[in-house]
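Here's the structure we're looking at; comments come further down.
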Amino acid sequence: MAFPTDDNMDEFASNWDTFRDRLVVFLGAGASIGAKNTSGDPLPSAYDLRNSLWQRFKQPHGTTLDPADLKLMSLEHASAIIEQKVGRDTIAEFLMKVFDCDRPLWSHVALPYLRPKAVFTTNYDQLIELGYKHSTVVPDVICDDRRPTSGQLPLYKPHGSLSHGNQAVGRGGLVITQFDYFEMIADYRKMLEKTINTFGRSCVLVIGYSFGDMDIGSELYRLRKQTAGTPWYAVFPRADPQVRGMYSGRLGIRQIARTFEDFMTDLDERVGFLPEGVNRGKKDSMQAAGIIQ
């Protein structure tokens, strides 16, 4: 399969043998694009989630929300207002339904074969865990600052996880309001330091994350300044020279203009890290068998 030329993709593939044993993967919301929940609805963006929550719990009965009415109100601020009205449990139940998936995407099934030393995600969904069910590696879901379980893959989920959705914030409960973020800032620092520094000179691969979260984004920026000796890479499908220059100049991160799926496909074609039964050519048969979405 032919992909647009990308010198950072060329470099990552060339560095594969050097960095593959110290790779840390960071997945943002962009890594879940294309996934649908058990009701058949696409997983929402932050903007769509804000609107859905407001329509369901705050909009006057019998009227339809015009998103323009909320102006620049953030998801976190809107959620704090709604929590005051309906309570934490009601919001948690809504989120657990919206983000509940029963099958992974192909990319998540391919992910274990990168053999990352740790995975860090801001996503609530369990697409990573569902992908790892098709491998021999067992992920240890960590939503606080405890030590990883020996022999398992540390899977850090500081924003919480559906598997822990009924727990308190900081113990796996879903981080959604601005006050949740205030509460979790100190824990983010500990988790990120463990994720990146535990494995020495980690090569961090950021997929589908825009650094838009000021809390986690600022911590990544701080850690990057401390670990500038090893290349970091960011994967997202935008071919914009100014964006690319910003990531390189300000963050010290080399952007690869690919989707998650295209990156995994392209890398496999170059270095052959996927087994025959899992490569991109088997995607249609995996879908037909109900293994992936």
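In segment 268-289, which residue that is within 26 Å of Ala234 (Cα to Cα) and aliphatic (A, V, I, L, M) is most open to solvent (accessible area, probe 1.4 Å)?
So the residue we want is Val271.
Name the residue that is modelled with the lowest pLDDT, counting only residues in segment 1-22 that are open to solvent by less than 50 Å² (accessible area, probe 1.4 Å) and over 15 Å from Thr230 (Cβ atoms).
Only one residue fits best here, namely Phe3.
Report the residue count in segment 76-115 for those that are in the same structural domain as Gly277 (by the TED database), aromatic (Phe, Trp, Tyr) and open to solvent by 30 Å² or more (accessible area, probe 1.4 Å).
Within segment 76-115, residues that are in the same structural domain as Gly277 (by the TED database), aromatic (Phe, Trp, Tyr) and open to solvent by 30 Å² or more (accessible area, probe 1.4 Å) number 1.
One residue is enough: does segment 41-64 have a residue meeting the conditions part of a helix (DSSP H, G or I), open to solvent by less than 20 Å² (accessible area, probe 1.4 Å) and either charged (D, E, K, R) or at positive phi (or both)?
Yes - at least one qualifying residue is present in segment 41-64.
Residues to consider are Val278, Val235; find the one that is modelled with pLDDT of 95 or more and farther than 15 Å from Leu105 by Cα.
Going through Val278, Val235 in turn, just one is modelled with pLDDT of 95 or more and farther than 15 Å from Leu105 by Cα: Val235.
With respect to Val271, determine if the residue is at pLDDT 95 or above and under 16 Å from Glu11 (Cβ atoms).
Yes.
Out of the residues in segment 162-179 that are aliphatic (A, V, I, L, M) and under 17 Å from the mean Cα position of the chain (by Cα), which is surrounded by the fewest Cβ atoms within 10 Å (Cβ to Cβ)?
Taking the candidates together, the pick is Leu162.
Looking only at segment 214-242, filter to residues that are charged (D, E, K, R) and assigned to a helix (DSSP H, G or I); which one of those is surrounded by the most Cβ atoms within 10 Å (Cβ to Cβ)?
Going through the qualifying residues, I end up with Glu219.
For segment 122-140, state whether one or more residues are in a strand (DSSP E or B), at pLDDT 95 or above, assigned by the TED database to the domain that holds Thr18 and of a type in the set (A, V, I, L, M).
Filtering segment 122-140 down to residues in a strand (DSSP E or B) leaves 139-140.
Remaining after also requiring at pLDDT 95 or above: 139-140.
Next, from what is left, pick out any that are assigned by the TED database to the domain that holds Thr18: 139-140.
The next check asks that each one be of a type in the set (A, V, I, L, M); those that pass are none.
No, every residue in segment 122-140 fails to be in a strand (DSSP E or B), at pLDDT 95 or above, assigned by the TED database to the domain that holds Thr18 and of a type in the set (A, V, I, L, M).
Is at least one residue of segment 181-199 small (Gly, Ala, Ser) and either at pLDDT 90 or above or more than 19 Å from Ile216 (Cβ to Cβ) (or both)?
Going residue by residue through segment 181-199, those that are small (Gly, Ala, Ser) are 186.
Okay, now just the ones that are also either at pLDDT 90 or above or more than 19 Å from Ile216 (Cβ to Cβ) (or both), so none.
There is no residue in segment 181-199 that is small (Gly, Ala, Ser) and either at pLDDT 90 or above or more than 19 Å from Ile216 (Cβ to Cβ) (or both).
Identify, please: which residue in segment 243-267 is of a type in the set (D, E, K, R) and outside any loop (DSSP other than H, G, I, E, B) and is, among those, most open to solvent (accessible area, probe 1.4 Å)?
Arg250
Among (1) assigned to a strand (DSSP E or B); (2) closer than 19 Å to Ile33 by Cα, which single condition is Ser107 missing?
Evaluating Ser107 over (1) assigned to a strand (DSSP E or B); (2) closer than 19 Å to Ile33 by Cα leaves (1) as the failure.
The values are calculated or read from the model by the stated rules, or taken from the named source; none is laboratory data. The structure displayed is predicted, hence computed values, not measured ones. FYI the Cβ positions are ideal-geometry reconstructions off the backbone, even for glycines, and counts take in every protein chain you see. The protein model used for the area step is the full one, side chains on, heavy atoms only, and it has no ligands, DNA or RNA in it. Shrake-Rupley method; radii C 1.70, N 1.55, O 1.52, S 1.80 Å.
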